[in-house]
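I have placed the structure first, in the form of structure tokens, so that the comments after it can refer back to it.
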Amino acid sequence: MKTKDPFTLPAWAQVGPFAFVFGLFFIIPLAFVVMVSFWDYTEYSLVPDFTLRSYVETFEGCYDQLPGLCTILKTYVSTVKFCFLVWLFTLLIGFTIAYFLAFHVQSVTMQMTLALISTIPFWTSNVIRMISWIPLLGRNGLVNQGLIKLGVIKEPLEWLLYSDFAVVLAFVHLFTFFMVIPIFNSMARIDKRLIEAAYDAGATGWQTLWTVIIPLAKPGIVIGSIFVITIVMGDFVTVGVMGGQQIASAGKIIETRLGALQFPPAAANAVILLAVVLLIITAMNRVVDIRKEL
């Protein structure tokens with residue numbers, strides 16, 4: 001008969017502190033955001049009265065412009081476009097790096113060392129890493145000057161900076177790491193004997209990749225994708241700086257509303273953005289149930 005350890009805390013006592021922190025710093029603030037989104041407002045004050053004014057104003061004119069898209073929908077389409085491109089490039093780069101670390105670096109010590117080296121960019125502020133592209137991509141930047149001296153182009157390329165290209169490039173640079181670590185963690189758990197068995201059965205390298213490695217690495221891919229998607233969807237600093245304040249995004253709408261002290265419309269847009277992100281994450285969970293895979 002097993003004796004109960006007197007020093008073991010009950011389950012509720014172990015979960016309690018984490019639940020308290022989660023509720024204090026996530027559930028309660030989120031509840032306040034949702035509540036304020038239904039308040040009315042004037043130029044100088046908030047009016048705690050239930051109204052759909054902020055949501056109606058957000059989608060105002062959308063019906064009149066059908067079958068075209070109104071401004072708010074165009075903004076969300078643009079944000080989703082950036083989100084998809086960044087997700088695709090970070091997935092390709094992150095998967096490649098994780099695959100190299102997991103299957104081509106034999107020493108666990110070297111794997112951990114290289115993984116830690118990949119964190120070095122995070123020792124510097126995101127803002128500094130982002131604006132470091134400006135001297136490179138500017139009209140008189142190193143890239144344009146180098147291409148001109150090599151005779152590749154005659155005039156500077158205007159689309160390198162303050163463009164969609166610059167925004168996507170900065171996002172990929174900033175957030176690829178969030179894709180590398182989860183995928184590497186999933187790949188490191190793969191039993192190498194499964195890969196050997198696939199090769200022994202006559203599978204090619206690509207067949208082994210598609211039928212063995214990718215299915216077993218799906219949890220890491222989904223977790224990394226959630227990280228990247230949630231960050232990109234709400235980002236407004238990178239879009240503003242690298243887009244030259246000329247590209248709209250969902251996060252930029254919220255930032256603009258807050259700057260104008262229009263808190264209910266800002267809260268309403270935050271709730272809409274959260275709903276869009278939750279829909280994307282739900283669709284991804286339909287592909288891979290993370291709770292079952294982990």
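Structure summary
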quantity	calculated
Residues satisfying the stated conditions in segment 180-193, i.e. surrounded by fewer than 13 Cβ atoms within 10 Å (Cβ to Cβ) and part of a helix (DSSP H, G or I)	192, 193
Every residue from segment 212-235 that is polar (S, T, N, Q) and surrounded by 23 or more Cβ atoms within 10 Å (Cβ to Cβ)	225
Filter result for residue 258 (hydrophobic (A, V, I, L, M, F, W, C), surrounded by fewer than 19 Cβ atoms within 10 Å (Cβ to Cβ) and not in a loop (DSSP other than H, G, I, E, B))	yes
Lone unmet requirement of (1) within 14 Å of residue 181 (Cβ to Cβ); (2) in contact (Cβ under 8 Å) with a residue 60 or more places away in the chain for residue 133	(1)
Cβ-Cβ under 6 Å pairs, at least 6 apart or on other chains, segment 270-290 side more than 14 Å from residue 30 (Cβ to Cβ), far side crowded, with 16+ Cβ neighbours inside 10 Å	280/229; 281/226; 284/222; 288/218; 288/222; 290/219; 290/222
Residues being at pLDDT 85 or above and small (Gly, Ala, Ser) - total across segment 121-140	2
Segment 166-217, residues that are within 30 Å of residue 247 (Cα to Cα) and of a type outside the set (A, V, I, L, M)	171, 173, 175, 176, 177, 178
Selected residue [at pLDDT 90 or above and either assigned to a helix (DSSP H, G or I) or in contact with a Ser or Thr (Cβ under 8 Å, 6 or more places away or on another chain) (or both)] from 96, 75	96
Among residues of segment 196-205, those that are within 31 Å of the chain's Cα centre (by Cα) and surrounded by 13 or more Cβ atoms within 10 Å (Cβ to Cβ), counted	0
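One line per residue, one yes/no per condition, for (1) touching a helix residue (DSSP H, G or I) at 6+ places or on another chain (Cβ under 7 Å); (2) touching a residue at least 24 places away in the same chain (Cβ under 8 Å):
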| position | (1), (2) |
| --- | --- |
| 137 | yes, yes |
| 152 | no, no |
| 182 | yes, yes |
| 199 | yes, no |
| 215 | no, no |
| 223 | yes, yes |
| 227 | yes, yes |
| 232 | yes, yes |
| 236 | yes, no |
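The values are calculated or read from the model by the stated rules, or taken from the named source; none is laboratory data. The model shown is predicted, which means the values in this text are computed figures rather than measured ones. Note: ideal-geometry Cβ built from the backbone for every residue, glycine included; neighbour counts use all protein chains shown.
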